[in-house]
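Engineer: Got a structure here, written out as structure tokens. Questions coming.
The values are calculated or read from the model by the stated rules, or taken from the named source; none is laboratory data. Computed from a prediction, not measured in an experiment: that's the story for all the values here. Cβ atoms come from the backbone with ideal geometry, glycine included; neighbour counts cover every protein chain shown. Just so you know, the surface numbers come from the protein's heavy atoms only, side chains and all, with ligands and any DNA or RNA stripped out. Shrake-Rupley method; radii C 1.70, N 1.55, O 1.52, S 1.80 Å.
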Amino acid sequence: MTAPKPQPGILDIAPYKGGEAAVPGVTKVHKLSSNETPLGPSPKAMEVFKAMAGELHRYPDGAVEQLRDAIAGHYGVPADNIVCSNGSDEMISLICAAYVGPGDEVVYSQYGFMMYPIATMARGATPVVAKEKDFTSDVDALLAAVTPKTKVVFLTNPNNPTGTYISAAELRRLREGLPDSVLLVVDAAYAEYVSRNDYSNGMELVASRDDTMMLRTFSKIYGLAALRLGWAYAPANVVSVLHRVRGPFNVNAAAQAAGAAALKDTAWLDKARAHNDAELARVTAALTKIGIKVVPSVANFLLMQFPKGGEQVKAADAALRQRGLILRGMTGYGLPDCLRLSIGTVEEDDMVIAALTDVMKA
Ligand code: PMP
């Protein structure tokens, strides 16, 4: 007997591992491993979610009209150019399903998000890595990685797990250096956190071309990770393709309703942003002071490089876990001397600083 065989390449995929959420023997944990917001979702989104309970027997709106209208109104773009998805993870898979096949290549930068190679390999295609410079995406390296087989370039901006970004001018230079046949996907999952005036989430490129799209998520600053809600702003030709490959009801009703409510609650967004601005600066300064190299971040997380390497990372991780603090190991990204910290509450950040101060003194 022969067992069913998956498509070539599938068994080469290393399954995605999410941030851990438990420490054996520790009852009170602080999950700082998945770049979630410490403030939680908007109370208005929670109310809407609760009110959905009586409607669970109904299919969601397959066209996602109200939410797409809300997004379009918020950003001043046509609703017809918005496609929603079950998290932006799903959109990454849909893009690969539609544009990538065996023999094709997909380019992304060295420390780019793990879902790009996974979704690429799921289609029998080859992920191609472009080296970064100083933990920052390098436009020249990305362009040099492009071959006639390249179908898609994924750029996370700001990047995860580094927290760095490339400027609007660099983003434009990337687009202009790519063949028009290559789809550029700007994954702006952390865009709301960025407060630099030379940053662009890529929207103006999407508006003026038919080969560039932007991804966003409600999982990060909006605090709706559990509901799985992402969206893309894309030119009409790409929208038309994505609608053909998505499931008919790929966005659940609770996500649609809570997402629209969260978008309206701009005061909650401002609060989340202000908290992050203050904590990002404070934690960066405190960790730098005790001798950890902190990559300058514009997002809601910090990549920390330990001067004594992997052994010190293990000691740090153990000391943090003992206090219930779970960060993200970076070995999977080829950075065994690093840990990534998602910004938490003031109390959580203080606990991290205290634990790491002890480790650095040891
Ligand atoms: N892109 C990036 C850069 C991310 O960091 C994440 C979340 N880890 C995602 C996409 C996926 O987010 P979602 O929860 O919307 O699937």
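Engineer: Kindly provide the set of residues from the range 206-220 that are near the ligand (Cβ under 8 Å from one of its atoms), assigned to a loop (DSSP other than H, G, I, E, B) and of a type outside the set (A, V, I, L, M, F, W, C), ordered by number.
Structural biologist: S219, K220, listed by residue number.
Engineer: With respect to Y233, determine if the residue is under 23 Å from N86 (Cβ atoms), away from the ligand (no atom under 13 Å from the Cβ) and open to solvent by 10 Å² or more (accessible area, probe 1.4 Å). I'd like the intermediate steps shown before the answer.
Structural biologist: Details: under 23 Å from N86 (Cβ atoms): yes; away from the ligand (no atom under 13 Å from the Cβ): yes; open to solvent by 10 Å² or more (accessible area, probe 1.4 Å): yes.
Yes; evaluated as a whole, the condition is true for this residue.
Engineer: Restricting to the range 129-149, name every residue that is open to solvent by 30 Å² or more (accessible area, probe 1.4 Å) and out of contact with any Leu (no Cβ under 9 Å at 6 or more places or on another chain).
Structural biologist: V129, K131, K133, D134, T136, D140, A144, T147, P148, K149
Engineer: Looking at T357 and the list (1) out of contact with any strand residue (DSSP E or B) (no Cβ under 8 Å at 6 or more places or on another chain); (2) hydroxyl-bearing (S, T, Y); (3) open to solvent by less than 10 Å² (accessible area, probe 1.4 Å), which single condition is not satisfied?
Structural biologist: Here T357 clears every test but (3).
Engineer: For the list (1) open to solvent by 60 Å² or more (accessible area, probe 1.4 Å); (2) of a type outside the set (A, V, I, L, M, F, W, C); (3) more than 22 Å from W231 (Cα to Cα), I need the number of the one condition that P78 fails.
Structural biologist: (3)
Engineer: Hey, another quick one. Does the range 136-187 hold any residues that are assigned to a loop (DSSP other than H, G, I, E, B) and within 16 Å of the ligand (Cβ to nearest atom), and which are they?
Structural biologist: From the range 136-187, those assigned to a loop (DSSP other than H, G, I, E, B) are 137-138, 145-149, 157-167, 178-182; that's our starting set.
Of everything in the range 136-187, those that are assigned to a loop (DSSP other than H, G, I, E, B) and within 16 Å of the ligand (Cβ to nearest atom) turn out to be S137, N157, P158, N159, N160, P161, T162, G163, T164, Y165, I166.
Engineer: Kindly establish whether A188 is open to solvent by 30 Å² or more (accessible area, probe 1.4 Å), within 30 Å of A257 (Cβ to Cβ) and out of contact with any His (no Cβ under 9 Å at 6 or more places or on another chain). Spell out the reasoning first.
Structural biologist: Numbers: open to solvent by 30 Å² or more (accessible area, probe 1.4 Å): no; within 30 Å of A257 (Cβ to Cβ): yes; out of contact with any His (no Cβ under 9 Å at 6 or more places or on another chain): yes.
The answer is no for A188.
Engineer: Filter the range 308-334 down to residues that are among the hydrophobic types (A, V, I, L, M, F, W, C) and more than 18 Å from G291 (Cβ to Cβ), then give me how many there are. Steps first, please.
Structural biologist: Just the residues of the range 308-334 that are among the hydrophobic types (A, V, I, L, M, F, W, C), to begin with: 313, 315-316, 318-320, 325-327, 330.
From what's left, more than 18 Å from G291 (Cβ to Cβ): 318, 325-326, 330.
Of the residues in the range 308-334, 4 are among the hydrophobic types (A, V, I, L, M, F, W, C) and more than 18 Å from G291 (Cβ to Cβ).
Engineer: On to the next question. Among the residues of the range 41-59, are any assigned by TED's automatic domain parsing to the domain that holds D277, of a type in the set (K, R) and either over 14 Å from A262 (Cβ atoms) or open to solvent by less than 80 Å² (accessible area, probe 1.4 Å) (or both)?
Structural biologist: no
Engineer: Looking at (1) modelled with pLDDT of 95 or more; (2) more than 16 Å from the ligand (Cβ to nearest atom); (3) not assigned by TED's automatic domain parsing to the domain that holds G73; (4) not β-branched (V, I, T), which one does N276 not meet, given that it meets all the others?
Structural biologist: That leaves (2) as the condition not met.
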